[in-house]
Amino acid sequence: MGDWRTGWEGRGVGRWLGFVTAVWVQCISGNNYTFSNYSDALKSLMGLTQLQLNNLSVAKDIGKAFGLIAGLASDRLPTPVILLIGSVEGLVGYGAQWLVVRQSIRPLPYWQMCVFLCMGGNSTTWMNTAVLVTCIRNFRRNRGPVSGILKGYVGLSTAIFTDICSALFADSPAAFLLMLAVVPAAVCTAAMFFLRESPPAGDDSAADLDGAEAKYFGVINAMAVVIAVYLLAFDLTGRHGALVSRLFAAGLLVLLAAPAAVPIHISLKARCRQRGGASEDGGVSEAPLLAEEAAEGGAKNGGEMSNREDEAEGKGRPEIGEDHTIVEAVKTVDFWVLFSSFLCGVGTGMAVMNNMGQMGLALGYTDVSIFVSMLSIWGFFGRITSGTISEYFIKEHATPRPLWNAASQILMAVGYVVMALAVPGSLYIGSVVVGLCYGVRLAVSVPTASELFGLKYYGLIYNILILNLPLGSFLFSGLLAGLLYDAQATKTEGGANTCVGAHCYRMVFGIMALACIVGFGLDVVLAFRTKKLYRQIQSSKRTRKAASRHRITKG
């Protein structure tokens, strides 16, 4: 196995091939957001109240809490092993739910269903940890675009699953769960052969490398936007015949395969250069770039790994921007400000995603799949644009990333007010705004954590940060939305209940809007506290670029 992979690494292809397979893993790892597509089937089969159903969704999100194990494992196990664990766990967790919804077995006891939903939710933490930690380390100079693209494809995954199921299986909940069980396992198995940490590429100067990476990220960004528009067009054009639906599914698979053109192009370019007389690595040793990476890590430049453990131990607690252990991170005010503001954004967003099925039914919609898909697609736009835009503003204006989180929080509060008013079209507007802002929140917080606390223990820090997903789901979905809905609902046959009308969720939306305003204030505080750090990051990027140009001029 080593020969072909070593050849790819020498030509700079390996990390890009890994990034493309990471994109494909992210396309199928957003299954945790798809609960609304089959929640009504579970509610009917098991005779659940809304509070019980919401607690099932909380059990799914509690699986994220066990992501701490994935975070610890990311520093000790190779990436393929982490992917394998996630794929097997998802196969079992969603496979059990499929058997119940397909009625191949009788509904399991409530606690057992909670366990299987928890397993399904936890499976994505292994996939996401493997992908994010590996790719951010492979492309540490472009953390914003990396985070935006990968999180963007996670956002699209809900729409990808939903639309393919709608196109091929007429929105069958059983078929949908079968896809959630089998497809991620197959994709992760394929990714095990390609996704792993790569040494820094040594075939270009730092300035040239930054320019080449930006170009390729731009291409993959453009491909992602085409996929999002393609999905949106399918959603907005109403119901389709069998032939059109199958053609749509085939076209979607072609578009998803398109990012593979990037490593193919890099490989062909390297071969041409090789034939022209250059050495396999482009004629430049890796040593200067490796030295540069190590030097950057010694400065406060946004959390680059210093690899100087002895020095760190000698100087006491690290400053913000340097590598932190998890104990050191949780002792800082900045960590808890970031953690709390993240809770306000993703917690309320999770409540909408988990309850969108019942929200749509309460407002008189019989088919709510379009709202689930709209949340996904606009979440994608929020993720993919915010990563790149926040990176640009750091380089040009030293704008702290938390300011983008603050903007998303206040816009999300407006979205909840619109949904509370229940005017015609409010659910369409709300799904667009909430999806967009939820995407920004996720994509911006991921690189922010690495810049504040470093990359050395990033896998564990990231998984502690996303504890907000189960915590927010429990507070805003399991308790707030579940209790307030049941207070308004009427009993139906079989022990379930239902509520129809704008009043069902009005107070829920109002409380969540207030939570977002609190989150806005916390993000503004964090932006002021990190202004100095982001000025240093900007200075480091400019110094590196100037030094690279100087080397080129002298050469």
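Amide H contacts of Asn497 (H built 1.01 Å from N, in plane; Pro and chain starts excluded): Gln50, Thr492 sit under 5 Å, all sequence-distant by 5 or more or on other chains. Among the protein heavy atoms, those of Ile511 account for about 70 Å² of accessible surface (1.4 Å probe, every chain in place).
May I ask which of Lys64/Lys331; Lys269/Lys532; Lys331/Lys531 have a Cα-Cα span longer than 29 Å here? Write out the running numbers ahead of the final one.
Details: Lys64/Lys331 23 Å; Lys269/Lys532 41 Å; Lys331/Lys531 20 Å.
Listed pairs above 29 Å: Lys269/Lys532.
In a shell of Cβ-Cβ distance under 14 Å around Ile69, excluding Ile69 itself, what net charge do Lys and Arg (+1) and Asp and Glu (-1) give? Provide the component values of the computation, followed by the final result.
Numbers: positive: Lys64, Arg76; negative: Asp75, Glu89.
Net charge in that neighbourhood comes out at 0.
With each label modelled as a point 7 angstrom along the Cα→C-beta vector, the His265-Ile105 pair spans 4.8 nm.
Using heavy-atom solvent-accessible surface (probe 1.4 Å) with all chains present, what is the largest-first order of Phe193, Phe161? Show your work: numbers first, answer last.
Numbers: Phe193 105, Phe161 5 Å².
Sorted descending by solvent-accessible area, the residues read Phe193, Phe161.
Subtracting the Cα-Cα distance of Val81 and Leu255 from their residue separation scaled by 0.36 nm leaves 59.8 nm. Mind grabbing the base-10 log of I(q)/I(0) for the range 129-170 at q = 0.16 Å⁻¹? Debye formula, identical points on the C-alpha positions, no solvent, two decimal places. After summing over all Cα pairs, the log10 values are -0.51.
Scanning the chain for helices, which whole DSSP H stretches are 24 Å or more long along the axis (Cα) and average 1.6 or more by Kyte-Doolittle?
Values: long enough: 79-101 (33 Å, 1.44); 110-138 (43 Å, 0.57); 143-169 (38 Å, 0.92); 173-191 (27 Å, 2.10); 206-236 (44 Å, 1.23); 333-362 (42 Å, 1.04); 369-397 (41 Å, 0.56); 402-421 (29 Å, 1.38); 426-453 (40 Å, 1.30); 506-529 (35 Å, 1.82); 531-554 (35 Å, -1.70).
The answer, listed by residue number, is 173-191, 506-529.
With the whole protein complex present, Ile429 retains an accessible surface near 80 Å², based on a 1.4 Å probe.
In this structure the chain gives 38 Å² per residue of accessible area when probed at 1.4 Å with all protein chains present. Within the accessible area of the range 27-130, the carbon and sulfur atoms contribute 67%, probe 1.4 Å, all protein chains present.
These residues, Thr189, Thr237, Thr366, go from largest to smallest accessible area, 1.4 Å probe, as Thr366, Thr237, Thr189. Normalising the average separation of contacting C-alpha pairs (under 8 angstrom, six or more residues apart) by the number of residues puts the relative contact order of the chain at 25 percent.
Take the Cα of Arg275, step 7 Å toward its Cβ, do the same at Val525, and the gap between the two points is 6.2 nm. Ligands, DNA and RNA aside, Lys395 has an accessible area near 70 Å² when probed at 1.4 Å.
Kirkwood radius for the range 319-548, taken over all pairs of different Cα atoms as the inverse mean of 1/r, rounds to 18.5 Å.
Taken as Cα centroids, the range 462-516 and the range 329-396 sit 16 Å apart, rounded to the nearest whole angstrom. Among Met356, Met119, the sequence by solvent-accessible area, most first, with a 1.4 Å probe is Met119, Met356.
Restricting to Cα atoms and excluding each atom paired with itself, what does the Kirkwood estimate give for the chain in Å?
Numbers: mean 1/r = 0.0418 Å⁻¹.
By the Kirkwood definition, the hydrodynamic radius is 23.9 Å.
The values are calculated or read from the model by the stated rules, or taken from the named source; none is laboratory data. This one's a predicted model, so the numbers in the text were calculated from it and none came from an experiment. Here Cβ is always computed from backbone atoms with ideal geometry, including for glycine, and neighbour counts include all displayed protein chains. Surface areas here come from the heavy atoms of the whole protein model, side chains and all, with no ligands, DNA or RNA. Shrake-Rupley method; radii C 1.70, N 1.55, O 1.52, S 1.80 Å.
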